[in-house]
Amino acid sequence: MSGQSETPHSELSAQAERRGGRRSAGILISGAGGEVGHGLIRALSEAGHTEIVAIDLREIDPELRALCRETFAGDICDQGLIGRLNAMFEFTEIYHLAALLSTRSEFIPETAHDVNVGGMINMLRLAVDQARSHGRRVRFIYPSSIAVYGMPDLKTKRSVGAVKEDQYLTPTTMYGCNKLYAEHLGRYYARHYRQLAEDRVHDLLDFRCVRYPGLISAETLPSGGTSDFAPEMIHAGAARTPYRCFVREDTRIPFMTMGDAIDATLALAQADESRLTQCVYNLGAFAPTAAELADMTRRFFPDADITFAPDTARQGIVDTWPEDVDCSAAASDWDFKPSHTLESAMRDVLVPRISERYRAG
Ligand code: SER
């Protein structure tokens, strides 16, 4: 990918000239075309931000593009593109969302490493270069995942229940390993970057990270993840298409709605720094079994045709993820409180909006 700007070069040069060669202020969002990116761009735009700079491998939807100052179709591993972003904008905030999810990463682990770790290094390097050049700290918001956990066996998973941020960090997937290491990289760049260099500049980054559970969006469907069975099941119920669930009925992991995930991400981004006691925070709202999820789906969509046909390998991954996560640190440090249970999420958000989507075709 060559990192094509979707705005013509001539127009970009004209804009730069009008600014007298000065760089424009920006909030950078990588992986902006993905599920979280959609929600985040809408929320930032509704909050009055007009300086969003969005990058994704694929061209950003026109509807989202209209909410951004600039959009780029390109690869975060492309140093040339990162250099151009550095030259054109002054970023005060970076939301680094781009990643290959857990299922897809198991087919192409080295590519996943390049994107999930190499891309993270590129974005962190961009952030510190930016902070050095404009003289202000850059806030770097990073979504990590329940995939960083690795429960040793089902017996332990069931007896332990909700895990804290520092427990069971032995992931078994490439994605989980990448996310856990990327969390460490963020902390390193924020606190220890070039710690022995004579010209070291302290305190360039304000790194904040959330570990998302499985996310359920009404507007989009995920692809390439292993928690995808929940959104797939609910969307299939609404679309009246049969769904063969790839995990066992007794499988339990935490979830939350996309809306709650976006709200929490923005709440952490805006939280008073003096209250933050850690860089990384668990998030979650409800933790049903796949059977409970199927029952809830049938309650709202009585024709839903759901069967269980576990895929041994994908089941193996979900079995290493915890039954639930302990969100008490997020609750006490920045007042995290999800607004939905599974039932209220279905009744108030997912069922009405997803039904609308399939009615509209
Ligand atoms: N949704 C992610 C995945 O399934 C987990 O964070 O890969």
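Within the range 93-124, list the residues whose amide N lies under 13 Å from a label point set 7 Å along Cα→Cβ of A313. Answer for this model: 103-109. Residues in the range 332-344 carry Karplus couplings, in order, of 7, 7, 9, 6, 4, 8, x, 8, 10, 8, 4, 5, 6 Hz; the curve used is 6.51 cos²θ - 1.76 cosθ + 1.60 with θ = phi - 60°, and Gly or Pro positions show x.
When each of the peptides 106-113, 184-191, 92-99 is scored by how many other beta carbons lie within 10 Å of its residues on average, the order from highest to lowest is 92-99, 184-191, 106-113. For the range 192-234, the normalised intensity computed at q = 0.13, 0.16, 0.22, 0.32 Å⁻¹ comes to -0.53, -0.58, -0.76, -1.13 (log10 of I(q)/I(0), Debye sum over alpha carbons, equal scatterers, no solvent). Across the range 301-307, computed HN-Hα scalar couplings (Karplus, 6.51 cos²θ - 1.76 cosθ + 1.60, θ = phi - 60°) run 10, x, 7, 4, 10, 10, 10 Hz from first to last residue, x flagging Gly and Pro. With all protein chains kept in place, the per residue accessible area of the chain amounts to 43 square angstrom at a probe of 1.4 angstrom.
Taking the centroid of alpha carbons for each part, the range 255-330 and the range 163-201 are 23 Å apart. Taking the Kirkwood radius as Rh and the Cα radius of gyration as Rg, the range 91-229 has a ratio of Rg/Rh equal to 1.02.
Close amide H pairs (under 5 Å, H built 1.01 Å from N) link I306 with Y243, residues at least 5 positions away or on another chain. When each of the peptides 299-308, 326-335, 195-204 is scored by how many other beta carbons lie within 10 Å of its residues on average, the order from highest to lowest is 326-335, 299-308, 195-204. From helices alone, the chain scores -11500 deg cm²/dmol at 222 nm; the rule is -39500 (n - 2.57) for each run of n ≥ 4 DSSP H residues, then divide by the residue total. Given a Förster distance of 56 Å, report the FRET efficiency between D153 and T50 from their Cβ-Cβ distance, rounded to the nearest 0.05. Computed FRET efficiency for D153 and T50: 0.65.
Where does the Debye-calculated log10 I(q)/I(0) of the chain sit at q = 0.07, 0.10, 0.12, 0.14 Å⁻¹, using only Cα point scatterers of equal weight, no solvent? The Cα Debye sum returns log10 ratios of -0.30, -0.62, -0.90, -1.20. Amide H contacts of Q278: none lie under 5 Å away among residues 5 or more positions distant or on a separate chain (H built 1.01 Å from N in the peptide plane; Pro and chain starts excluded). DSSP assigns beta bridges within the chain; of those with both partners inside it, close to 10 percent run antiparallel. In sequence order, the range 196-213 has phi-based couplings of 9, 6, 5, 8, 4, 10, 7, 6, 7, 10, 10, 9, 9, 9, 10, 9, 6, x Hz under the Karplus curve 6.51 cos²θ - 1.76 cosθ + 1.60, θ = phi - 60°, and Gly or Pro positions carry x. Apolar share of the accessible surface for the range 218-335: 48 percent from carbon plus sulfur atoms, 1.4 Å probe. Backbone amide hydrogens, once placed in the peptide plane, bring S144 within less than 5 Å of V210, R211, Y212, excluding anything fewer than 5 places away on its chain.
Restricting attention to the range 24-76, which trypsin sites (Lys or Arg not before Pro) occupy a DSSP loop and are surrounded by at most 12 other Cβ atoms within 10 Å?
R58
The values are calculated or read from the model by the stated rules, or taken from the named source; none is laboratory data. Owing to the predicted nature of the structure, the values given are computational and were not obtained by experimental measurement. Note that each Cβ is placed from the backbone with ideal geometry, even for glycine, and that neighbours are counted across all protein chains shown. Quick note on the areas: whole protein, heavy atoms, side chains included, nothing else; ligands and nucleic acids left out. Shrake-Rupley method; radii C 1.70, N 1.55, O 1.52, S 1.80 Å.
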